[in-house]
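The values are calculated or read from the model by the stated rules, or taken from the named source; none is laboratory data. Nothing here was measured: the structure is a model prediction, and the numbers come from that model. Quick reminder, even Gly has a Cβ in these numbers, built from the backbone with ideal geometry, and neighbours come from all protein chains shown. Just the protein is used for accessible areas: all its heavy atoms, side chains included, with ligands, DNA and RNA removed. Shrake-Rupley method; radii C 1.70, N 1.55, O 1.52, S 1.80 Å.
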Amino acid sequence: MTRSLNAFPCFYPSKMDMVLELKFTQHPKLMAELLKTGDAKLVEDSREKDAFWGNGADGKGLNHLGYALMSLRERYRRR
């Protein structure tokens, strides 16, 4: 059975938070790059279709991935 990326349920932001935490803590260079972004707003530029995780085709998407990364960045600044 094949699944498109759009089939990934949009109700998993908490799981994405966990995945990002694991990924960035296991790869210190990635965490360093994330921290270098300072206070910049992070946007998943998904020009194709993804208006849930990214900014969507019209630039008005929810950008949940960007917000998850900014949240992770803030948590690690406090450590």
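Overview of values
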| item | result |
| --- | --- |
| Any hit, the stretch 25-35, residues being at pLDDT 90 or above and among the hydroxyl-bearing types (Ser, Thr, Tyr) | yes |
| Only listed residue being among the basic types (Lys, Arg) and under 13 Å from the mean Cα position of the chain (by Cα), chosen from Lys60, Lys29, Lys49, Lys23 | Lys23 |
| Residue tally, condition farther than 20 Å from Ser14 by Cβ, modelled with pLDDT of 95 or more and open to solvent by 30 Å² or more (accessible area, probe 1.4 Å), over the stretch 36-76 | 6 |
